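Handing you a structure now.
The values are calculated or read from the model by the stated rules, or taken from the named source; none is laboratory data. In this text the structure is predicted, and so the values were computed from the model without any measurement. Neighbour counts are summed over all protein chains in view; Cβ atoms, including those assigned to glycine, are modelled from backbone coordinates with ideal geometry. Just the protein is used for accessible areas: all its heavy atoms, side chains included, with ligands, DNA and RNA removed. Shrake-Rupley method; radii C 1.70, N 1.55, O 1.52, S 1.80 Å.
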Amino acid sequence: MPSPFFTPGTRSQADQVALLHLRRDQTIPTVLQIHDDKNLGYDEGKVTNTRFGSFPHSTLLGQPWGSQIAASKVDTGSRGRRPPTQTQTSTPTETQTQTQLKRKAEDSPTVTDDARPTPKAAVAAASGYLHLLYPTPESWTASLPHRTQVVYTPDYSYILHRLRARPGCTILEAGAGSGSFTHAAARAVFNGYPSSEESLDEDQQQQQPSKKRRLGKVCSFEFHAQRVERVRDELVQHGLQGVVHATHRDVYGDGFLLDGASPHANAIFLDLPAPWLALKHLTRRPVEGGNPVSPLDPSTPVYICTFSPCLEQAQKTISTLRQLGWVAIEMVEVQHRRLEIRRERYGLDARGVRGAVVFPKSVDEAIGKLRASDRGGRFRNHKDDSIDTETPPAVNTTTITANTTTTTTTTITTQNTPVYNLGRVVHRTEADLKTHTSYLVFAVLPREWSEADEAKCRAKWPSSCVVDSKPFPAKSKKQLKREEKAKRDEERRKNE
Amino acid sequence: MHSYIRPNDYVGVRLPSEGTRIIRPVPNTTVSLGKYGSFPANQIIGRPYHLTFEITETPDEDGNILRVVSAAELHAESLISDGSGEADGEGEELEMYGDGDAPMRTNREIVDDSSTQKMTLEEIEALKKEAGGAGREIIAKLLESHTALDQKTAFSLAKYTLRKRKKYMRRFTPIPLDVGFLTNYMLGEKDAAKIMELRDEAIGLIGCWGNVHHGGNTPIEDAMGSRPNSRYFVVDETGGLIVAAMAERMGILFSEDGDDEATSTVPEPSQHPANEDGQTEADQTEPGAEDSVPSRSPHQQPMSASGNTITLLHAHTRPNLSLLKYFGFDYDNPDESHPLFKHLKTVSWLQLVDPSTDPIYSNEPEEPSQETLSTMKASKRNAFYRKRNRWARTRNVVDEARAGGFDGLIVASLMEPATIMKYAVPLLTGSASVVAFSPTVEPLSELVDLYSTHRKTAFITQKRQIREQDEEDQVQGLAELEAEFIVDPSLLVAASVQTSRVRSWQVLPGRTHPLMSSRGGPEGYIFHAIRVLPAQDHIQAAGNQSRKRRKVSQKETTAPATTATDSGDANTDIQMRL
Ligand SMILES: C[S@@+](CC[C@H](N)C(=O)[O-])C[C@H]1O[C@@H](n2cnc3c(N)ncnc32)[C@H](O)[C@@H]1O
């Protein structure tokens, strides 16, 4: 099954994860299903209840991505619910039930029909809506169920860029934790789903390009049994099982080989308490206590990033990286801010606008108001002595409302300026600021280069044939290629 | 993936000063690095990236003057200091204050930290043997002072002088020329304004929030909902850096990336008979024009890919993509084997918005009769086919762009963002991401404001009122609505702006601290929002608001403004008032 993360198609489909976007920072991930596998007993089948209304999945399925969906009238009280079916004794997780039901559906459709009555048609509610979105690593990271600390978009976007994680790469990751980084890494390396042999008939196989393209993959390791299970379940649910391999493993002791073979990694991300303990496995040649075969791709440079909240951890990592021959070692912190952008609405014309401060927005306006209040001054002073200049008008809104009934000028402006244009657009850093996530240590391990390699290279590109010590002449690429070929041919002739 | 240095490719170089250069090792020529010396290109061709070379004075028996500096030698100073008292924070003052002055410090309380690993005597000896040239000298000096353990100060002094010398060593490190390298090269060595002062952190964020990725290998007919994947709209005024960054993420930037996924069948314009058209237009500058032969097979057609594509919207007649040359792609004379040849499409704003007035799009080269064609001179016939091909290609690419269905919009432009959104956002599929980069915050905060809740509400209400009018009034009403609302605010949700900056640290034994200075300049801001499909019938916002409203009214007295929201209770209040 293709993943809705990478190839979402045009419409939502059953048994796929979708995001229900309520408002900024309020997005609920859910697996779309007509029938309610948790058996909560809604007449409408599976229903997601939100602050903005109830949404039977029958209204979310088969819709174009991005659609605005109206809430439905769902009786969320006990009356609208059927009593849970007796056969279901435990409350299994969504995935388990899903696979069970699928199997059932294949085996004997009649049983399923009995077990699952057609859900009642949904009836639109008077108000409330959401937007139906396909999942992305960003929205998943923001809404995933946390089991551990996770790496967020500001860090992983930078890390993956620096790791040169590109389509077709293999990335090693430890530990998988809650799978946040895993999803982003999978998108970075994705360049196709592996074809499952069974599903391909002869014809299709022949159509496959003869040149075998290397498919990107993420090899994720985690030593916490439950977390691996959770991540594996999610990967299947998200259609990513062909791109990510999750392994239950203590990488300090056992390293990164898969069935004893090298995964040929091009990039590594370590989000572990003691990354330096895993580094002995990540060498070009086996070292004491490390993996007997190098898990690295021998034909490319390998990029690494370790992610540690404490400086001491980073220092230990760096010291070990140096001892193991890594170069271009660098450490950075990512400092990221989200901005809050809004209109600050000041002015006497902002009366009645929610969130606005009714206060003169200019000296002119203040003077105008002073003139006006002066006129009515005597009358007011009789009424209430406490109303005078000492009361800050911004706080005492009622006073101003009373005053402005006499000022005609401000009423006119209110009518002319639409609410959305009142005041001025300002920005500030959002209230919750992350000031430290972790120290990011980067390094590169170049390819191995033996004397034999060098000798071969020297034979092919002898130093003696420098034609020109000045900047090279302007030759076309074609010309250069031709020359190269001629040289190669000559060499071959010589060797024969 | 950058396994070795290929002849004639552009190659990045890092120098001991931390400066960078771009070189091009053409076989049998000399590469010059200015004051760092020069060397024959043949001595780095075929070698791996990330090795550090030292240019030596005397060639070896093969005439080779480059010596590979081992990692151990590069780290010699740190490796030796690690685990000595050095790691406890001594000697730092030299670096921080002592520039030029001799160290003034004594180290009375030396505590050996046995937790970190010391180099063994054998290791040090091995390192000494392995090192050559300037490296050997450094290590010898270091060890001389280091073995005299009670003379820590002398050691510090030796290190200090050597550290200063290192900056002038004739060493260099070839680095793959990728987007990351090019970005830093442009920032550090070139005109940073040319790339809108984009930094790595912004490029990472743009790519992720834009959800830019490879479209996969699913044959179109198998794909869900049958449509090509990963089609992105890009507006790029950074000379092609944004295009390159997106192409890198999509696996279509490097010549080695060339892969064979499905391409749509472009109508064969060459099958049409040609006509006599004496015009000799200078269309050699047109992509692919030079090598275009009439009988080209469909998959060699430029801009012919159906999925995993970038459609660049450009403001001038010709887009500026000069930086792509570093990746082996010359827009004016593209290499057919480069993946961008098929996957990068270009459409001018005029072609997108009003194609009928575009000279290329609207002027179909007239078809001459078969006889005229056969009597034409070969060169003339080819010229005709070229024109015809160009016209057909333009039509395909423009029609396809105007049909929409794009999976994302990435903008790095100095143009008014709202004007870009106005035309490009409606052409995105639902759920697609919109990302806009700006060096400064103002254009983006204004853009967010154009999608504020107040605007959305007002727009939706006014539109509904217009729809209730009779037809004539509707036309005028909609025109007025468009004049008032430059963009349809109901097409995007979750509009937000963010910024990011990395802080670099020096991490050396006993001398760990953030760098004392770094590049200033514009912060660089990123706008993100999601395209949605508003329902045709008006849906009232709702929410279980009782608790929230209390909170809001409480807030009102302290905070003088509302925050833009997309749905829910903030809307309700306003809707009730209207
Ligand atoms: C902070 S979490 C990783 C979070 C993850 N990067 C994410 O974005 O969701 C660290 C994980 O490393 C795992 N871990 C710690 N030591 C490990 C080891 N030696 N081998 C494998 N996993 C380990 C822990 O169980 C934990 O789940």
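Pairs, please: C-beta under 6 Å, at least 6 apart or cross-chain, first residue more than 11 Å from A:A174 (Cβ to Cβ) and more than 13 Å from chain B (Cβ to nearest Cβ) and in region A:260-277, second assigned to a loop (DSSP other than H, G, I, E, B) and within 16 Å of the ligand (Cβ to nearest atom)?
Partner pairs satisfying both residue conditions: A:S262/A:P295; A:P263/A:P295.
I'd like the full set of residues that are surrounded by 19 or more Cβ atoms within 10 Å (Cβ to Cβ) and closer than 13 Å to A:R447 by Cα, limited to region A:284-294.
Within region A:284-294, A:S294 is the sole residue that qualifies.
Also, I was wondering about something else. Go through region A:164-175 and report how many residues are on the phi < 0 side of the Ramachandran plot and more than 6 Å from the ligand (Cβ to nearest atom).
Qualifying residue count, region A:164-175: 8.
Go over the candidates B:R21, B:R47 one by one and state the one that is within 30 Å of the chain's Cα centre (by Cα), surrounded by fewer than 21 Cβ atoms within 10 Å (Cβ to Cβ) and modelled with pLDDT of 95 or more.
The unique qualifying residue is B:R21.
While we're here: Give the residue, chosen from A:Y152, A:Y156, that is within 16 Å of the ligand (Cβ to nearest atom), open to solvent by 50 Å² or more (accessible area, probe 1.4 Å), modelled with pLDDT of 95 or more and not β-branched (V, I, T).
A:Y152
A further question follows. In this structure, does A:R164 turn out to be buried (at least 22 other Cβ atoms within 10 Å of the Cβ) and either part of a helix (DSSP H, G or I) or not β-branched (V, I, T) (or both)?
Against the criterion (buried (at least 22 other Cβ atoms within 10 Å of the Cβ) and either part of a helix (DSSP H, G or I) or not β-branched (V, I, T) (or both)), A:R164 qualifies.
With respect to B:A458, is the statement that it is facing chain A (nearest Cβ under 8 Å) and in a helix (DSSP H, G or I) true?
When the stated conditions are applied, B:A458 passes them.
Kindly provide the set of residues from region A:215-227 that are near the ligand (Cβ under 9 Å from one of its atoms) and in a helix (DSSP H, G or I), ordered by number.
Matches in region A:215-227: A:R227 only.
Could you check, for region A:176-190, whether at least one of its residues is at pLDDT 95 or above, open to solvent by 30 Å² or more (accessible area, probe 1.4 Å) and not acidic (D, E)?
No, every residue in region A:176-190 fails to be at pLDDT 95 or above, open to solvent by 30 Å² or more (accessible area, probe 1.4 Å) and not acidic (D, E).
For the list (1) open to solvent by 10 Å² or more (accessible area, probe 1.4 Å); (2) in contact (Cβ under 8 Å) with a residue 24 or more places away in the chain; (3) over 17 Å from A:K460 (Cβ atoms), I need the number of the one condition that B:A76 fails.
(1)
Check A:E330 against each of (1) crowded, with 19+ Cβ neighbours inside 10 Å; (2) within 11 Å of chain B (Cβ to nearest Cβ); (3) at negative phi and name the one condition it does not meet.
Status for A:E330: all satisfied but (1).
Tell me whether region B:195-204 contains one or more residues that are away from chain A (no Cβ under 14 Å) and under 26 Å from B:I45 (Cβ atoms).
There is no residue in region B:195-204 that is away from chain A (no Cβ under 14 Å) and under 26 Å from B:I45 (Cβ atoms).
Write out, first by first residue and then by second, each pair whose Cβ atoms fall under 9 Å of each other, whose residues are 6+ apart or on separate chains, and whose first residue, in region A:127-156, is assigned to a loop (DSSP other than H, G, I, E, B) and basic (K, R) while the second is open to solvent by 20 Å² or more (accessible area, probe 1.4 Å) and near the ligand (Cβ under 8 Å from one of its atoms).
Close Cβ pairs satisfying both conditions: A:R147/A:H224; A:R147/A:R227.
Here is a further query. In region B:44-62, which residue that is out of contact with any Asp or Glu (no Cβ under 9 Å at 6 or more places or on another chain) and facing chain A (nearest Cβ under 8 Å) is nearest to A:C457 (Cα to Cα)?
B:I45
Among the residues of region B:63-75, what is the count of those that are farther than 22 Å from B:P176 by Cβ and more than 10 Å from chain A (Cβ to nearest Cβ)?
Of the residues in region B:63-75, 1 are farther than 22 Å from B:P176 by Cβ and more than 10 Å from chain A (Cβ to nearest Cβ).
Let me ask something else about it. Report yes if some residue within region B:63-80 is in a helix (DSSP H, G or I) and β-branched (V, I, T); otherwise report no.
Taking every residue of region B:63-80 in turn, at least one turns out to be in a helix (DSSP H, G or I) and β-branched (V, I, T).
Can you name every residue in region A:333-361 that is open to solvent by 50 Å² or more (accessible area, probe 1.4 Å) and over 30 Å from A:C310 (Cα atoms)?
If the condition is that a residue be open to solvent by 50 Å² or more (accessible area, probe 1.4 Å) and over 30 Å from A:C310 (Cα atoms), then A:Y346, A:R351, A:G352, A:F359, A:K361 are the ones that fit.
Further question: Take the residues of region A:252-273 that are open to solvent by 10 Å² or more (accessible area, probe 1.4 Å) and within 15 Å of the ligand (Cβ to nearest atom): which is farthest from A:L215 (Cα to Cα)?
Among them, the one singled out is A:P273.
Moving on. State which residue pairs qualify: first residue touching a residue at least 24 places away in the same chain (Cβ under 8 Å) and more than 18 Å from B:E197 (Cβ to Cβ) and inside region B:499-515, second residue in a strand (DSSP E or B) and open to solvent by less than 30 Å² (accessible area, probe 1.4 Å) in any location, beta carbons under 9 Å apart, and separation of 6 or more residues or different chains.
From region B:499-515, no pairs qualify.
Just checking: which of the helices (runs of 4 or more DSSP H) contained wholly in region B:347-436 hold 1 or more residues that are of a type outside the set (V, I, T), open to solvent by 60 Å² or more (accessible area, probe 1.4 Å) and farther than 20 Å from B:D488 by Cβ?
Passing ranges, in order: B:349-353, B:359-362, B:370-375, B:378-403.
Only one residue in B:D407, B:D335, B:D358, B:D330 is more than 27 Å from the chain's Cα centre (by Cα) and acidic (D, E). Which one?
B:D358
List pairs: first in region A:175-188 and within 11 Å of chain B (Cβ to nearest Cβ), second within 6 Å of the ligand (Cβ to nearest atom) and open to solvent by less than 10 Å² (accessible area, probe 1.4 Å), Cβ under 9 Å, 6+ apart or cross-chain?
A:A184/A:V151
Go through A:V231, A:V243, A:V287 for me and flag whichever is in contact (Cβ under 8 Å) with a residue 12 or more places away in the chain, within 12 Å of the ligand (Cβ to nearest atom) and not aromatic (F, W, Y).
A:V231
Right, something else. In region A:4-24, which residues are more than 19 Å from A:Q241 (Cα to Cα) and either buried (at least 21 other Cβ atoms within 10 Å of the Cβ) or more than 8 Å from every other protein chain (Cβ to nearest Cβ) (or both)?
A:S12, A:L19, A:L20, A:H21, A:L22, A:R23 - these are the residues of region A:4-24 that are more than 19 Å from A:Q241 (Cα to Cα) and either buried (at least 21 other Cβ atoms within 10 Å of the Cβ) or more than 8 Å from every other protein chain (Cβ to nearest Cβ) (or both).
Also, I was wondering about something else. Please find, within region A:304-319, the residue that is nearest to the ligand (Cβ to nearest atom) out of those that are open to solvent by 30 Å² or more (accessible area, probe 1.4 Å) and touching a residue at least 24 places away in the same chain (Cβ under 8 Å).
Applying the filter and picking the extreme gives A:P309.
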